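Peer 1: Attaching a single structure in structure tokens format; questions to follow.
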2 protein chains.
Amino acid sequence: MDERSRIRRSTFVSSFVISLLRKSVLRLSVTTLFLLILMYAFFNVFFHPIYDSSKLLSDFPFNSDGGITAVSGVALNQLSGGNLAGNFTVKVKVYLYDLPTRFTYGIIQQRSMMRGDRPVENVSMLQYPGHQHMAEWYLFFDLIRPESERVGSPIVRVLDPEEAELFYVPFFSSLSLMVNPVRPAGSSETERPMYTDVENQEALVEWLEEQEYWRRNNGRDHVIIASDPNALYRVIDRLKNSVLLVADFGRLRHDQGSIVKDVVIPYSHRIRVYEGDVGLAYRKTLLFFMGARFRKEGGKIRDQLFKILENKDGVVIKHGTQSTENRRAATRGMHTSKFCLHPAGDTPSACRLFDAVVSLCVPVIVSDSIELPFEDIIDYRKIAIFVDSAAALKRKHLVSMLKAVTPDRILEYQKEMKEVRKYFQYGEVDGTVNEIWRQVIKKLPLIKLMINRDKRLVRQELDCSCICTNKTAITTLKL
Amino acid sequence: MDERSRIRRSTFVSSFVISLLRKSVLRLSVTTLFLLILMYAFFNVFFHPIYDSSKLLSDFPFNSDGGITAVSGVALNQLSGGNLAGNFTVKVKVYLYDLPTRFTYGIIQQRSMMRGDRPVENVSMLQYPGHQHMAEWYLFFDLIRPESERVGSPIVRVLDPEEAELFYVPFFSSLSLMVNPVRPAGSSETERPMYTDVENQEALVEWLEEQEYWRRNNGRDHVIIASDPNALYRVIDRLKNSVLLVADFGRLRHDQGSIVKDVVIPYSHRIRVYEGDVGLAYRKTLLFFMGARFRKEGGKIRDQLFKILENKDGVVIKHGTQSTENRRAATRGMHTSKFCLHPAGDTPSACRLFDAVVSLCVPVIVSDSIELPFEDIIDYRKIAIFVDSAAALKRKHLVSMLKAVTPDRILEYQKEMKEVRKYFQYGEVDGTVNEIWRQVIKKLPLIKLMINRDKRLVRQELDCSCICTNKTAITTLKL
């Protein structure tokens, strides 16, 4: 081999090696890239679960014996308008009490027997009946189903109460009230229900007060649902330390319930969700209302509103009780109206508001003391019109006010309702149930503080800590 | 070249190439590994800052105009006993008001001039004087220093108020009170301070009420420090919507301040930190107290305690005012005692508690209405003994009770104090200042809720939402 050919050969070898190296570099770069993507995915999947819709969740260190020892992660993730923010979660541990059947399925059983059905062997096959306070079913069902189906939830169910940060008491308190009215005087033994609602309430509290984890913190870390404003009415004083899930505070004193301690939850809507897009083409009615005309207390305004609005041009206002037929009529009405009236009922809240939102019918709220679910993340002025009772009762005021709302403004309301209505859909994946838990979790720092504080207080007087509106001249509070 | 030599050559080339490839594989593997480590570090540093000590921080979506549009991350990270839990944060954005100098450095300037010093050109060179309410300095200093020095902080300073979730008003309200007493009657014009404290307070509110971001939410998203219980006393009604950083609620009505809306902050300790280990060998005194004997209101108990405890075996109780000499004596006393008395002062809180904790001297708290900082993460029963005033005044009760505490129990108290004392050290990296911000951030959901709610309320009455102790028979609250 001469010098030139050696050089050529050597050059060839070199270029071959370089070419191989380049390929390998390329291959390894691809490998590197692949690994990086894998790693990114790993981080995202295992450390930052990315949820598919808006959520907001958090967690606070919380420890049963009150030490600074709690190790608890947090996540808060709020997605809106398609932007995905940082998301990461260590879920909050919730213990579901295994209540005696009489407090859960037993009530469904009792209801079906009272309707003439034969008792079933396996009560857990019974279907919970549909009604506006069925939040209690959705929350229970969410906790009994497998972890994998609890999509986007900020909580995890634990089977050992020692691990739990919160305790859920799944008493069907609203169904109990509906199924078991106060025992009618003179009714025969055969007709009487197994348990009256009051018996259920008292038995529940007795049962709870025997539980170690209830006694530990006087129930402060317990979550109890009382969606119907009258649910648990007889025993609420003994449950008032807990986080109550309520429709409003119409039946509660200030030391029993408040937006500070408790969580306002939506009614389960009874009107079909409007699946169409935003728009006014099919909404010819200006203002729609269908519901009970006569109500007690704050609800007396209903009859007055009927008198003012009946037979007004563009207004449909009808008396109607809950029935499948009426629900169908109300669905038609709400899906074809621009505005839907929400007057106070016996208490300030009512199902109507949530029916209106899922119907994309702008709620007109005439209920001065209403409290609203999830108000830290929902600005209701963007989806509803608030009218104080005095103004609403002025002749022609309401109708002329609503007529003056521009079509563009109505479309804005509708768009915003479309954005937030998942918060009012209990059956949705990552819907109302998850949001209720996120709201409960936000109470954890205050729960923890109160647990520690209660135990070291030396004074025995009633002592309340408050947050107040700023709408007023200052007066001295007597607490 | 014959066949064998060609084969040999070819084999040589092959093995050369393979060897090169191996090296390159090795090199690239190292590169890959390096990249992975880099990437891991990147994630950790930028997305999951790992803190070196206990912390707990969180964040909630919060948006200035009240929509559900806020995108805000959260982190909560609680480390205790050496365990590191999940940690991840998108920091909460805080806007620091650029207040007129008279509200910040101007007060330091005024103080030094009143002491006879000449005014300086560059006031930001002035040193803030040491005293028990210097939290206001630490919080201000934390926000003006570079981001990189705010280690472990749950907040980030933003320069555009539009981005901010919280607004900090850095008025040196306690120093103003100290430096500018109410103008003494008959004092000559030359002696009078530039501004009295009352003038400062009123000027501050007037200035604030002109600010767009103050007016937007009536100050709800603003954070104001009033560490001295008398600070801001003249204008508190106009600032009461804000998150107040206070030592206690001794001078505030229930609608002005509470553990629900506000954050209780520690006094800045005035005693040197005890650097030794836990132990009783050098702690021969049973109970120590040095401080003012005569106080108003709840503090009247001090004189009574002096009478009972003076000249008791093992007890050192001395009258003393703040001075360098007395602080040195108090340091010696607290570092060599098992228990340190914390009686109420003019208001329930006092510096003594925090001096005791950094001294590892078990606080004996005789102050029935005391509120404590960070009580959601600190169980004070683990670091202090609470004695109600009536019991403390029983003859011999206190001393015999303390004598009965076993050495092991005292060591437990000391160990726990060592764990938590960083929360009471303002100067520490990731100490008190960060914890104060974490506490403020926990108020965000309620702040947001109140902002939305205030704006849609139709009623004008005073309306308070509360959480109450469970220590009592139920009485009806009048709010």
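Peer 1: Can you list the HN-Hα couplings for segment A:398-408, worked out from phi with the Karplus curve (6.51, -1.76, 1.60; θ = phi - 60°), rounded to whole Hz and with x for Gly and Pro?
Peer 2: Result, rounded to whole Hz: 4, 5, 6, 4, 5, 5, 7, 6, 6, x, 4.
Peer 1: May I pose another question? Rounded to the nearest 100 Å², what is the buried accessible area between B and A, both sides summed, probe 1.4 Å?
Peer 2: Approximately 10300 Å², summed over both chains.
Peer 1: Okay, next question. What residues have an amide H closer than 5 Å to that of B:HIS222, excluding those fewer than 5 places away on the same chain, when H is modeled at 1.01 Å from N in the peptide plane?
Peer 2: Amide H neighbours of B:HIS222: B:PHE167, B:VAL243.
Peer 1: Roughly what would the spin-label model give for B:ASN230 and A:VAL123, points 7 Å off Cα along C-beta, in nm?
Peer 2: A separation of 6.6 nm, rounded to one decimal place.
Peer 1: Which aspartates and glutamates, on any chain, are close to B:LYS307 with Cα under 15 Å apart, when same-chain ones fewer than 8 places away are left out?
Peer 2: List returned: none.
Peer 1: Would segment B:230-281 count as rounded, prolate or oblate if I go by the C-alpha gyration tensor, calling it rounded below 1.5 in a/c and otherwise prolate when a/b exceeds b/c, oblate otherwise?
Peer 2: Cα axes put segment B:230-281 in the prolate bin.
Peer 1: Among the trypsin sites (Lys or Arg not before Pro) within segment B:312-410, which fall in a DSSP loop and have no more than 15 other Cβ atoms within 10 Å of their own Cβ?
Peer 2: When the trypsin sites (Lys or Arg not before Pro) of segment B:312-410 are filtered for loop state and at most 15 Cβ neighbours within 10 Å, B:LYS312, B:LYS394, B:ARG395, B:LYS396 remain.
Peer 1: Enumerate by residue number the GluC sites (Glu not before Pro) in segment A:115-160 meeting two conditions: DSSP loop (anything except H, G, I, E, B), and at most 14 other Cβ atoms within 10 Å of the site's Cβ.
Peer 2: Listed in order of number, the matching sites are A:GLU121.
Peer 1: Now a separate question. Listed here are the pairs A:LYS296/A:LYS394; B:LYS240/B:LYS442; A:LYS415/B:LYS240; A:LYS261/B:LYS300; which of them are more than 26 Å apart at the Cα?
Peer 2: Pairs exceeding 26 Å: A:LYS415/B:LYS240; A:LYS261/B:LYS300.
Peer 1: Can I ask one more? Rounded to the nearest whole Å³, what is the per residue volume of the convex hull around the Cα atoms of segment B:220-326?
Peer 2: Hull volume normalised by residue count: 165 Å³.
Peer 1: Rounded to a whole number, what % of the accessible area of segment A:92-264 do carbon and sulfur atoms account for, probe 1.4 Å?
Peer 2: Ligands and nucleic acids excluded, carbon and sulfur give 48 percent.
Peer 1: List the residues, sorted by chain then number, that are 5 or more residues from A:ARG157 or on another chain and whose placed amide H is less than 5 Å from its amide H.
Peer 2: Those lying under 5 Å, H to H, from A:ARG157 are A:VAL94.
Peer 1: Want the number for A:GLU202 to A:ARG395: 0.36 nm per residue separation, take away the alpha-carbon distance, what's left?
Peer 2: Result: 64.7 nm gained on full extension.
Peer 1: Evaluate peptide B:443-451: per residue, the Cβ atoms of other protein chains within 10 Å of its Cβ; return the mean as an integer.
Peer 2: 6
Peer 1: While we're looking at this one, here's another question. Per residue of segment A:157-169, in order, report the coupling 6.51 cos²θ - 1.76 cosθ + 1.60 (Karplus, θ = phi - 60°) as ³J(HN,Hα) in whole Hz, putting x for Gly and Pro.
Peer 2: Ordered by residue, 3J(HN,Hα) equals 7, 10, 8, 9, x, 4, 7, 6, 9, 9, 10, 9, 9 Hz.
Peer 1: On to the next question. Ranked highest first by average number of other Cβ atoms within 10 Å, how do A:434-441, A:206-213, B:429-436 line up?
Peer 2: Highest mean packing first, the order is A:434-441, B:429-436, A:206-213.
Peer 1: Apply the a/c threshold of 1.5 to the C-alpha gyration tensor of segment A:285-425 and tell me whether it is rounded, prolate or oblate.
Peer 2: It comes out rounded by the Cα gyration axes.
Peer 1: Can you give me the accessible area per residue for segment A:92-264, using a 1.4 Å probe, in Å²?
Peer 2: For segment A:92-264, the solvent-accessible area averages 41 Å² per residue.
Peer 1: Taking all protein chains in place and a 1.4 Å probe, what share, in percent, of the accessible surface of segment B:285-425 do carbon and sulfur account for?
Peer 2: 50
Peer 1: Along Cα→Cβ, 7 Å out, is where each label goes; now give me the distance between the ones at A:ARG215 and A:LEU280 in nm to one decimal.
Peer 2: Computed distance between label sites A:ARG215 and A:LEU280 equals 6.5 nm.
Peer 1: Right, next: Using θ = phi - 60° and the Karplus relation 6.51 cos²θ - 1.76 cosθ + 1.60, list the HN-Hα couplings for segment A:367-372 in order, rounded to whole Hz, with x at every Gly or Pro.
Peer 2: My calculation for segment A:367-372 gives 7, 4, 9, 5, 10, 10 Hz in order.
Peer 1: Among all the aspartates and glutamates, which ones have a C-alpha under 12 Å from B:LYS443's C-alpha, if same-chain residues fewer than 8 places away are not counted?
Peer 2: A:ASP376, B:ASP59, B:GLU165, B:ASP221, B:ASP262
Peer 1: Quick one: which residues, 5+ away or cross-chain, put their amide H under 5 Å from the amide H of B:ILE259? H built at 1.01 Å from N.
Peer 2: A:CYS466
Peer 1: Continuing with this model, one more query. With +1 on each Lys and Arg Cβ and -1 on each Asp and Glu Cβ, and nothing else charged, work out how big the dipole of segment A:358-441 is about its Cα centre, in Debye to the nearest 20.
Peer 2: Roughly 540 debye for segment A:358-441.
Peer 1: Please work out the FRET efficiency for the pair A:MET114 and A:VAL151, using the Cβ-Cβ distance as r and a Förster radius of 51 Å; give the result to the nearest 0.05.
Peer 2: E between A:MET114 and A:VAL151, to the nearest 0.05, is 0.90.
Peer 1: If we hang a label 7 Å off Cα along the beta carbon direction at A:GLN211, how far is it from the matching labels on the other copies, in nm, shortest first?
Peer 2: 4.6
Peer 1: Which of rounded, prolate, oblate describes segment A:370-479, given a ≥ b ≥ c as roots of the alpha-carbon gyration tensor eigenvalues and a/c under 1.5 marking rounded, otherwise prolate only if a/b is larger than b/c?
Peer 2: oblate
Peer 1: Got the A:VAL405 label distances to the other copies yet, label 7 Å along Cα→Cβ, in nm, shortest first?
Peer 2: 6.3
Peer 1: Along Cα-to-Cβ, 7 Å out, sits the label point; list in nm, shortest first, how far the one on A:LYS307 is from those in the other copies.
Peer 2: Values, ascending and in nm: 6.9.
The values are calculated or read from the model by the stated rules, or taken from the named source; none is laboratory data. These figures come from a predicted structure and were not determined experimentally. Cβ: placed from backbone, ideal geometry, glycine included. Neighbour counts: every protein chain shown. For accessibility, only protein heavy atoms count, side chains too; no ligands or nucleic acids. Shrake-Rupley method; radii C 1.70, N 1.55, O 1.52, S 1.80 Å.
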